[in-house]
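Chemist: Quick one: structure below, then a few questions.
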Amino acid sequence: MNFNKKTINYLLIDGTSYLYQSYYSFSSFSNKDGIPSGAIYGVINMLKMLFLKYPNTQIIIIFDTPNKTFRHTLFQSYKANRPIMPKNLQMQIKPLYKAINMMGFPIVTIPLFEADDVIGTLAYEAHKNNKFTLICTNDKDLAQLVNINTNILEKKSHKILGKMEIKKKYGVIPKLIPDLFGLMGDTSDNIPGVPKIGKKTALLLLENFGSLKKIYKNIDKISKCSFRNAKNIAKTLLINQDLAFLSKDLATIITNIPMEKSINDLTMSKPSIKKLSCFFKYYGFYHWLELLKSGTWLINTNHSKV
């Protein structure tokens with residue numbers, strides 16, 4: 001399925017990913033009182049651009065919960081390598097949420113679950129209803145959600161990735177992304193994987209056997225394979241079987257978490273121009289303030305004011 005602007009029903013935005021990118025991209029931004037505003041500016045700017053590019057699409061922004069999730073229960077060291085959120089970023093979270101609501105975009109965060117799981121659940125609901133979804137992110141974990149109705153919109157390249165593009169980029173089809181991380185691990189999330197199994201070996205195993213479950217069903221055959229160190233690889237896999245499946249579980253996105261609202265309930269509303277004007281003035285976003293005054297803050301492709 002080739003996506004285009006007319007067929008996209010939902011744009012699910014990985015807000016947490018954009019939050020950090022904006023913070024570091026505009027770290028020097030602050031208002032006249034020295035209150036930091038870079039993350040706020042970056043995320044708002046991104047939302048504005050996406051709205052103008054996809055004017056007929058329902059946009060939903062999803063953020064991580066600030067507390068630990070069920071994955072920390074499975075594995076205490078999950079994401080333990082992540083630094084604590086900088087204070088300058090922490091103080092921008094609540095104002096940013098207010099600004100997004102003023103713009104008329106719905107925000108979703110669910111306790112105990114990561115943004116990935118919320119995105120996965122919403123995307124799956126859309127898929128069941130045969131609706132088309134773009135997930136706006138650079139998070140490789142979310143590649144596993146790609147199917148005939150769900151694609152990835154890379155936030156850096158702005159390329160749309162379908163099943164073929166995911167296979168080309170990561171070496172496996174979307175549904176095997178968790179299996180890949182189960183074998184090779186993922187340092188960004190501190191997912192251990194199987195010791196001494198790198199990406200090259202992991203891809204080789206998946207190419208030959210098809211999935212993590214099938215690899216372990218055929219563990220006796222691995223030692224007899226022609227590739228290098230086959231016997232040692234089989235032995236390592238056998239010793240670390242529990243760790244491999246735990247790693248896969250950590251990398252697997254949940255697509256059926258309990259939610260109070262369905263994707264159809266998460267609708268956009270008209271922006272609050274008066275509140276946005278006060279907000280932009282406070283943070284020194286004067287160019288946007290002028291656009292609000294002139295009535296050109298958000299304009300769709302039909303040039304009707306929103």
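The values are calculated or read from the model by the stated rules, or taken from the named source; none is laboratory data. Just so you know, these numbers come straight off a predicted model, no measurement behind them. Positions of Cβ are generated from backbone atoms using ideal geometry, with glycine treated the same way; all protein chains shown enter the neighbour counts. Side chains are part of the model used for accessible areas, which takes the heavy atoms of the whole protein and leaves out ligands, DNA and RNA. Shrake-Rupley method; radii C 1.70, N 1.55, O 1.52, S 1.80 Å.
Chemist: Taking 21 Å as the cut-off for C-alpha to C-alpha distance, list the pairs among 48/293; 53/281; 32/156; 140/163; 128/261 that go past it.
Modeler: With Cα atoms farther than 21 Å apart: 53/281; 32/156.
Chemist: With all protein chains present and a 1.4 Å probe, how do 18, 97 order by accessible area, largest first? Working shown, then result.
Modeler: Working: 18 15, 97 65 Å².
Ranked from most to least accessible, the order is 97, 18.
Chemist: With charges set only on the Cβ (+1 for Lys and Arg, -1 for Asp and Glu), what does the dipole of the chain come to about its Cα centre, in debye to the nearest 20?
Modeler: 620
Chemist: What figure in square angstrom, to the nearest 10, would you give for the accessible area of residue 127 with a 1.4 Å probe?
Modeler: Counting only protein heavy atoms, residue 127 exposes about 50 Å² to solvent.
Chemist: Would you mind estimating how fast the stretch 166-306 diffuses translationally, via Stokes-Einstein at 37 °C and 0.692 mPa s with the Kirkwood radius over Cα pairs, in µm²/s? Walk me through the numbers before you get to the answer.
Modeler: Values: Rh = 19.2 Å.
In µm²/s, the coefficient rounds to 171.
Chemist: If you line up the long axis of helix 241-251 against the longest principal axis of the chain, both from Cα atoms, how many degrees apart are they, to the nearest 10?
Modeler: Helix 241-251 sits roughly 20 degrees off the main axis of the chain.
Chemist: Which whole-number percent is the relative contact order of the stretch 174-287 (Cα, under 8 Å, 6+ apart)?
Modeler: Working: 98 pairs, mean separation 31.8, N = 114.
Across the stretch 174-287, relative contact order equals 28 percent.
Chemist: For the stretch 187-264, what does the accessible surface come to per residue with a 1.4 Å probe? Please give it in Å².
Modeler: 62
Chemist: Still on this structure, I have one more. Around residue 106, what is the net charge, scoring Lys/Arg as +1 and Asp/Glu as -1 over all other residues with Cβ under 15 Å from its Cβ?
Modeler: Values: positive: 98, 261, 270; negative: 14, 125, 260, 265.
Taking every Cβ under 15 Å from that of residue 106, the sum is -1.
Chemist: Mind giving me the FRET efficiency for residue 91 and residue 164? R0 is 45 Å, r the Cβ-Cβ distance, nearest 0.05 is fine.
Modeler: The formula returns an efficiency of 0.55 here.
Chemist: Accessible area of the chain with a 1.4 Å probe: how many percent of it is carbon plus sulfur?
Modeler: 53
Chemist: Nearest-5 percent of antiparallel DSSP beta bridges in the chain?
Modeler: Looking only at bridges with both residues in the chain, the antiparallel portion is about 25 percent.
Chemist: What number comes out for the charge environment of residue 229, summing +1 per Lys or Arg and -1 per Asp or Glu over other residues with Cβ under 10 Å away?
Modeler: +4
Chemist: If you don't mind, another one. Between beta-carbons, use under 14 Å as the cut-off and find the net charge around residue 266, counting Lys and Arg +1, Asp and Glu -1.
Modeler: Taking every Cβ under 14 Å from that of residue 266, the sum is -1.
Chemist: Let me ask something else. With θ set to phi - 60°, apply the Karplus curve 6.51 cos²θ - 1.76 cosθ + 1.60 along the stretch 268-274 and write out the HN-Hα couplings as whole Hz, x wherever there is a Gly or Pro.
Modeler: 7, 10, 5, x, 8, 4, 5
Chemist: In whole Å, largest first, what are the principal axis extents of the Cα atoms in the stretch 124-210?
Modeler: Result for the stretch 124-210: principal-axis Cα extents of 41, 27, 22 Å.
Chemist: Right, next: Largest first and to the nearest Å, give the Cα extent of the stretch 1-101 along each principal axis.
Modeler: 45, 42, 21
Chemist: Could you pull the Cα extents of the stretch 41-196 along its three principal axes, largest to smallest, in whole Å?
Modeler: Principal-axis extents of the Cα atoms in the stretch 41-196, largest first: 49, 39, 28 Å.
Chemist: Now a separate question. If you line up the long axis of helix 230-239 against the longest principal axis of the chain, both from Cα atoms, how many degrees apart are they, to the nearest 10?
Modeler: Around 70 degrees separate the two axes.
Chemist: With no solvent and one equal point scatterer per Cα, compute the Debye intensity ratio I(q)/I(0) for the chain at 0.08 Å⁻¹ and report its log10, rounded to two decimals.
Modeler: -0.41
Chemist: Excluding ligands, DNA and RNA, what is the solvent-accessible area per residue of the stretch 15-129 at a probe of 1.4 Å, expressed in Å²? Don't jump to the answer; show the numbers that get you there.
Modeler: Details: 5420 Å² over 115 residues.
Accessible surface, normalised per residue, equals 47 Å².
Chemist: Less than 20 Å apart at the alpha-carbon level, and either on another chain or at least 8 residues along: which lysines does that give for residue 213?
Modeler: Qualifying lysines at Cα under 20 Å: 167, 175, 196, 199, 200, 221, 224, 231, 235, 248.
Chemist: So how strong a dipole does the stretch 96-154 carry about its Cα centre when Lys and Arg Cβ are +1 and Asp and Glu Cβ are -1, to the nearest 20 debye?
Modeler: 260
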